[in-house]
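Step one of this worksheet: look at the structure below.
Quick note: the coordinates plus some simple rules give every number you see, no bench work behind them. Keep in mind the model is a prediction, meaning the values are calculated, not measured. For neighbour counting, all protein chains shown are included, and Cβ atoms are generated from backbone atoms with ideal geometry for every residue, glycine included.
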Amino acid sequence: MFPRFSQRFFDFAYALPLPGMTFFNLGVTPVPESVAADPQGRREPYQAALYDLVLGQLPEVGAEDLIVEVSSGKGAGAAYLRRHCPARLHAFEPAWTGRMWSMLLFGLRARYALAEALPVEDGTAAALISVESAHNYMTEAFAAEAWRLLRPGGRLIIADFPLMRPENQARKIPAWLEKGGFVIESFTDLTPRVIAACEADDARKRRIFRFLPKPLREEAQTSFSCDPSPRLNSFRTGERGYYFVVATKPATAGAT
């Protein structure tokens with residue numbers, strides 16, 4: 001489920017005048033040379049680097065295959081994947097402002113859908129991607145929906161930071177997905193790489209936020225883990241981790 005208050009928050013957040021901020025993820029280090037040379041990577045290198053990690057975990061796909069991103073934000077990540085991956089891409093975003101920016105910035109038609117009810121045919125997607133939003137719908141219903149729409153051998157790729165210690169994430173996230181029938185291919189703690197990205201990107205983000213009224217500026221600095229901020233501190237103290245998981249629907253599985 002995408003809670004109503006969360007949807008309203010992102011309706012508002014995506015509407016803020018934040019020139020130069022098209023990705024809404026925290027980013028990772030290091031930044032590969034290929035990302036640094038990419039048009040999006042030159043502007044937002046750490047954020048593009050996270051989607052490059054996603055790109056590297058996609059199964060082998062062709063022009064007839066389908067990739068799905070849920071909670072696609074302003075569309076920057078979907079645009080990055082679309083340029084570097086030959087597959088068709090369907091992006092879904094509950095916030096109308098996110099869908100608006102997807103079209104204005106990238107010519108990408110993101111559609112409204114909730115994570116637990118995606119308008120994708122059974123067993124047709126090669127991959128389902130969720131970046132920094134799964135904590136809103138870490139439910140059996142979402143795992144079942146991912147299973148339904150993925151084809152046998154399809155991959156579920158999630159990057160996220162629920163308020164759990166890294167060791168608890170490493171236990172609970174795989175168990176959640178395995179209960180839904182998935183096989184865990186890899187589970188990676190990205191916390192140190194995310195902390196480094198937040199530190200390296202701090203000055204850029206503060207320049208973008210400096211024109212916001214003080215209450216909005218302070219909220220933006222917290223949401224985007226500026227240094228210092230409660231969220232960044234929670235990463236540093238180990239109260240919160242940032243994980244990257246790749247799970248596969250077994251090749252022998254049926255569509256539902």
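Close amide H partners of A125, meaning residues 5 or more places away or on another chain with modelled amide H under 5 Å apart, are L150, R151.
Each of D122 and R109 was given a label point 7 Å from its Cα along the Cα-to-Cβ line. The distance between the two points is 2.7 nm. Pairs of lysine residues in the chain that meet both criteria, 8 or more places apart or on different chains and Cα atoms under 19 Å apart, total 4.
Quick check on the chain: helices-only [θ] at 222 nm, where DSSP H runs of length 4 and up contribute -39,500 (n - 2.57) each and the sum goes over total residues. Nearest 500, please.
Working: 12 runs with 113 residues, N = 256.
When only DSSP H runs of four or more count, the value is -12500 deg cm²/dmol.
Karplus-derived 3J(HN,Hα) values for segment 184-189, using 6.51 cos²θ - 1.76 cosθ + 1.60 with θ = phi - 60°, are 7, 7, 7, 9, 10, 8 Hz; glycine and proline are entered as x. Taking trypsin sites (Lys or Arg not before Pro) across segment 37-144, the ones in a DSSP loop with at most 14 further Cβ atoms lying within 10 angstrom of their Cβ are R109.
A simple spin-label model places pseudo-atoms 7 Å from Cα toward Cβ; at A175 and A15 they are separated by 4.1 nm.
Take every DSSP beta bridge whose two residues both sit in the chain, then give the antiparallel share in percent to the nearest 5.
That works out to approximately 45 percent antiparallel.
Are there any chymotrypsin sites (Phe, Trp or Tyr not before Pro) in segment 127-224 that are in a DSSP loop and have at most 14 other Cβ atoms within 10 Å? List them by number. Passing sites in segment 127-224 are F211. Remark: the H84-A203 segment gains 40.0 nm on full extension, using 0.36 nm per residue and subtracting the alpha carbon distance.
In this Cβ point-charge picture (+1 for Lys and Arg, -1 for Asp and Glu), segment 12-111 has a dipole of about 420 debye about its Cα centre.
Taking amide hydrogens as placed 1.01 Å from N in the peptide plane, the amide H of L89 sits under 5 Å from those of I67, each at least 5 positions away in sequence or on another chain. Looking at segment 162-256, the trypsin sites (Lys or Arg not before Pro) that sit in a DSSP loop and have at most 16 other Cβ atoms within 10 Å of their own Cβ are R210. The ranking of I67, I173 from fewest to most other beta carbons within 10 Å of each one's beta carbon is I173, I67. Summarising the amide proton neighbourhood of A113: residues at separation of 5 or more, or on other chains, whose placed amide H is nearer than 5 Å comprise E93.
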